[in-house]
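Have a look at the structure below, then the notes.
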Amino acid sequence: MPDRRPKPERETPRKERLCKTCRRPFAWNEGRAQDWDIAKYCSPQCSGQTADDRTGELETAILALLAERDPGKSICPSEAAKLVGGTATRHDWECLMEPAREAARRLARAGRVIVTQKDKPVDPVKAKGPVRLRLP
């Protein structure tokens, strides 16, 4: 009877891959470590999950949601994504999260909203993790 030794862990080759949309090469990095085996696109824009045509809608939704709230209250960018994308399935609004955060960054640069984390204003470009938006 053969020995029942576990097979050694095989490391996935970290060769460059070509994006299926733009045909540009993209390399392995720590951010892609968990899904490198299934990575097909160099960016979310190439995967078709962005909503460039909805950026104006997202900005309008953010400002409308903030106008409805009491002064000093904040919203999450996901609320704007849900308002624009709908809530029939999670994918409907989840693919709009990064465009919603980008719309919030544009509004913050224009001085129309304040981006906060733990109720403290932060630089919207450097903010990582959950953020909240409120009126100045």
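Only one entry in V125, V115 is surrounded by fewer than 17 Cβ atoms within 10 Å (Cβ to Cβ), in contact with a helix residue (DSSP H, G or I) (Cβ under 9 Å, 6 or more places away or on another chain) and among the hydrophobic types (A, V, I, L, M, F, W, C), namely V125. Of the listed requirements (1) closer than 21 Å to T55 by Cβ; (2) in contact with a strand residue (DSSP E or B) (Cβ under 6 Å, 6 or more places away or on another chain); (3) in contact (Cβ under 8 Å) with a residue 24 or more places away in the chain, C95 misses just one: (2). Cβ separations smaller than 8 Å between residues 6+ apart or across chains give no pair from the range 75-92 residues that are farther than 20 Å from I114 by Cα to residues that are loosely packed, with under 14 Cβ neighbours inside 10 Å and of a type in the set (D, E, K, R).
Going by what's in this entry, would A67 be described as out of contact with any Phe, Trp or Tyr (no Cβ under 6 Å at 6 or more places or on another chain) and not in a loop (DSSP other than H, G, I, E, B)? Steps first, answer last, please.
Working: out of contact with any Phe, Trp or Tyr (no Cβ under 6 Å at 6 or more places or on another chain): yes; not in a loop (DSSP other than H, G, I, E, B): yes.
Taking the combined requirement at face value, the residue satisfies it.
Residue by residue, here is whether (1) over 25 Å from A127 (Cα atoms); (2) at pLDDT 80 or above; (3) surrounded by 10 or more Cβ atoms within 10 Å (Cβ to Cβ) holds:
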{"position": "R4", "(1), (2), (3)": "yes, no, no"}
{"position": "N29", "(1), (2), (3)": "no, yes, no"}
{"position": "C76", "(1), (2), (3)": "no, yes, yes"}
{"position": "H91", "(1), (2), (3)": "no, no, yes"}
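Restricted to the range 35-67, and to residues that are of a type in the set (D, E, K, R) and within 17 Å of A103 (Cβ to Cβ), which residue is modelled with the lowest pLDDT? Restricting to residues being of a type in the set (D, E, K, R) and within 17 Å of A103 (Cβ to Cβ), the top hit is D52.
The values are calculated or read from the model by the stated rules, or taken from the named source; none is laboratory data. Because the structure is a prediction, the values reported are computed rather than measured. Cβ: placed from backbone, ideal geometry, glycine included. Neighbour counts: every protein chain shown.
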